[in-house]
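First comes the structure, then the notes that go with it.
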Amino acid sequence: MDETGQFNIGGEADMKKERYILQFNIKEADMAALSGVLAKYSFFIAVFCLTAVSVFSFLYYYSSGLGLAYNDARSHLDIGRRVVEGLKPGLAQLGSVWLPLPHILMIPTVWNDFMWHSGLSGAIFSMPGFVLTGIFIWKFLEQLNAGFWGKIAGILVFVLNVNVLYLQSTAMTELLLLATMTAAAYYFMLWFKGGNILHLISSAFWLMLSTLIRYDGWFLFVFAVGMLLVHVWLHKGYGSANGVFVLFDTLAGFGIILWFLWNQLIFGNPLYFIYGPYSAYVQQLELESAGVLATKGNFLFSLKTFYYALAYDTGAFTLLLGVAGTFAAWFSRELPSKVRYALLILWAPLFFNVLALYLGHSVLYVQGLNGDSLFNVRYGLMLMPTVAIFTGYLLHKMATARGLLFGLFFFVTFFQFTSGDAITIDDALVGSSQKNVKEVSSWLAQNTAGKEGFILISAASHDAIIFSSGLPMKKFIHEGTGQYWEDATADPARWARWIVMRTYSQTDAAYRLVSVTPGFSEKYDVVNSFPFADIYELKPEYFHDLNTKPVHEIH
């Protein structure tokens, strides 16, 4: 009703319309404010979510007993433990086969029995590796001018990969390597983008760390140096190329130099890690002689083998998105040519793995190509950050199809989780990467604990048995115990009350050395036999000459 006392229907309608518009504007303002907050703090929210997922995943796999399924995980933990506890503790226990950084990082915590036997001493570095890799995926996409949904897509591709979640919960070295390699690639790309010398130094630092984790980092070093030389030489001339090479190479290659020096000082040969008795080279020769190194000399089969591992680890659909995203980035007019060139470094793990298989320096068995065998299938995970980054970029570019691609991705991922489809877990549980040593280790735990005497065993062959027995490291005489090992393998009855070895296997150092010693068969009885090892015990009548205490306790 208006001022004259008559009804004004149109006026009420206008008022309702104004109230609706006002409410709509308030909601729109709230949404805009919320979007602004999310955009402002999205990086910190992503870091929090990455950390929460990391911790939850570790707890899940630890409680399910899968955290230590890989024998290699147990060996990594044992190496760290031997540095601080055993018959001959010290840094020399780092050995020569595996690169030292993961084991050095364990030293402050692995002395604690829980940290050692839970695997947490190694996982506490895999978990930050997971978070750091996720962060650098985000930052990579940020530098490629990807929008919010592109960055979210990249993070989700990485975080929702069950193989990544499993390995980040273990004492394996993959996630720590992924973090350092992705960081090195990120700063490498930043240098190409802006020319800031500090970015080049940062890249060299992260690359140096990767060369102390796994030999994949060595190839990345060579690959990066080659890319750098070509770019600088073509654009700035020989003088600049030489200066940049010296700066980058000196820091990035420092870890490699240290490893050569270490092998010279400890083992008397700078190439001991390549040609030593426990090196990958010797293992590959044995496989080749057995006729099970099919990739050597066959480039197409090497490529096919690694492709299968890559598809298993990343997921076939996700891999397809990553490849499509790669082409979208390389042919994008929005990205400078030097940035597109720098992105090649993300595919270095592909070239490394195929080349290593072709040259016979690596072995990888995939179901469907090598019968039902699985071995080292996790190597395909080295391209997970690459796939995540380029998938994120693809979803950034394809705005119209973004909803469909997200939907398909979530559909595939849902079935991967519900079916428990993780090739890395299969590899750890039933593949060649595992050995069911529970029977051997349980026998040792039940029959040697609390009794005087040492156990002679080859750590190179049976490190998982040492770990799983739960016995103190000082109970074992192995290759890393120096004079103990030499004396025990020359005259077992003086030092070894028990011997664990794979009878008739020349690859087992304990059998190879002990079986030819005089009187061995007369002095020892086989007290138990298992698929992966036999256990011998010294007969009681020879106990009088047996040493049961470390040398420094004998007076």
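Each of 443, 116 was scored by other Cβ atoms within 10 Å of its Cβ. Arranged with the fewest first, they read 443, 116.
Could you calculate the FRET efficiency of residue 292 with residue 113 from 1/(1 + (r/R0)^6), where r is the beta carbon distance between them and R0 is 35 Å, rounded to 0.05? It comes out at approximately 0.35. Bridge orientation summary for the range 438-553: considering DSSP beta bridges with both residues in this region, about 60 percent are antiparallel.
When you filter the chymotrypsin sites (Phe, Trp or Tyr not before Pro) in the range 445-480 for DSSP loop state and at most 12 other Cβ atoms inside 10 Å of their Cβ, nothing is left. Given their separation in residues at 0.36 nm each and the Cα-Cα distance between them, residue 494 and residue 549 gain 18.7 nm when the chain is fully extended.
Measure nothing but the geometry: give the 0 to 90° angle between the long axis through the Cα atoms of 71-84 and the longest principal axis through the Cα atoms of the chain, rounded to 10°. Long axis of 71-84 versus the principal axis of the chain: about 70 degrees.
Scanning residues 5 or more positions from residue 534 or on other chains, those with amide H under 5 Å from its amide H are 501, 502, 503, with H placed 1.01 Å from N in the peptide plane. Summarising the label geometry, the points placed 7 Å from Cα in the beta-carbon direction at residue 401 and residue 307 lie 2.1 nm from one another.
Shown in residue order for the range 149-155 are the 3J(HN,Hα) couplings computed by the Karplus curve 6.51 cos²θ - 1.76 cosθ + 1.60 at θ = phi - 60°: 6, x, 5, 4, 4, x, 4 Hz (x for Gly and Pro). The Cα-based radius of gyration of the range 315-385, divided by its Kirkwood radius, gives an Rg/Rh of 1.07.
Summarising the amide proton neighbourhood of residue 477: residues at separation of 5 or more, or on other chains, whose placed amide H is nearer than 5 Å comprise 455, 456, 457.
Mind pulling the angle between the C-alpha long axis of helix 120-143 and the longest principal axis of the chain? Nearest 10 degrees, somewhere in 0 to 90. Value to nearest ten degrees: 30. Ranking 150, 80, 169 by how far each Cα lies toward the positive end of the dipole of the range 49-430 (charges on Cβ) leaves 150 at the top. Checking the cross-link pairs 304/438; 438/475; 296/475; 236/296; 474/539; 88/451 against a 30 Å limit on the alpha carbon distance flags 304/438; 296/475; 236/296 as lying beyond it. Going from the fewest other Cβ atoms within 10 Å to the most, the residues 43, 327, 136 appear in the order 327, 43, 136.
Give the percent of DSSP beta bridges with both residues in the chain that are antiparallel, rounded to the nearest 5. Roughly 60 percent of the DSSP beta bridges within the chain come out antiparallel.
Of the trypsin sites (Lys or Arg not before Pro) in the range 369-451, the ones in a loop by DSSP (not H, G, I, E or B) with at most 12 other beta carbons within 10 Å are 451.
With 10 Å bins from zero, work out the P(r) of the range 61-122 over every alpha carbon pair and list the percent per bin. Histogram of Cα-Cα distances, whole percents per bin: 24, 54, 19, 2. Available extension along the chain between residue 269 and residue 63 is 69.8 nm, counting 0.36 nm per residue and deducting the alpha carbon span.
Per-residue 3J(HN,Hα) values for the range 269-280, derived from phi via the Karplus relation 6.51 cos²θ - 1.76 cosθ + 1.60 with θ = phi - 60°, read 8, x, 9, 4, 5, 8, 10, x, x, 10, 6, 5 Hz in sequence order (x marks Gly and Pro). Volume per residue of the convex hull around the Cα atoms, evaluated for the range 155-211, comes out as 77 Å³. The equivalent ellipsoid that matches the C-alpha gyration tensor of the range 234-281 spans semi-axes of 33, 11, 7 angstrom, in descending order. Using equal-weight Cα scatterers in the Debye expression, the normalised intensity of the range 49-430 in log10 at q = 0.06, 0.09, 0.11, 0.13 Å⁻¹ is -0.23, -0.52, -0.80, -1.14.
Applying a DSSP loop filter and a limit of 15 other Cβ atoms within 10 Å to the trypsin sites (Lys or Arg not before Pro) in the range 298-372 leaves 333.
Can you check how the C-alpha radius of gyration of the range 438-553 compares to 2.2 N^0.38 Å, as a plain ratio?
Output field value: 0.94.
Residue separation of residue 528 and residue 516 scaled by 0.36 nm, minus their Cα-Cα distance, works out to 2.3 nm of gained length.
Normalised by the number of residues in the chain, the average gap of Cα pairs under 8 Å and 6 or more apart makes the relative contact order 15 percent. Helices in the chain, meaning DSSP H runs of at least 4 residues, each add -39500 (n - 2.57). Divided by all residues, the mean residue ellipticity at 222 nm is -20500 deg cm²/dmol.
Computed across the range 244-358, the Kirkwood hydrodynamic radius from all distinct Cα-Cα pairs reaches 17.7 Å. Ordering 189, 227 from the fewest to the most neighbouring beta carbons within 10 Å gives 227, 189.
Where a number appears in this text, it was derived from the coordinates with a stated rule and is not lab data. If you're wondering where the values come from, they're calculated on a predicted model, not measured in any experiment. Here the Cβ is made from the backbone with ideal geometry for all residues, glycine too, and neighbour counts use every protein chain on show.
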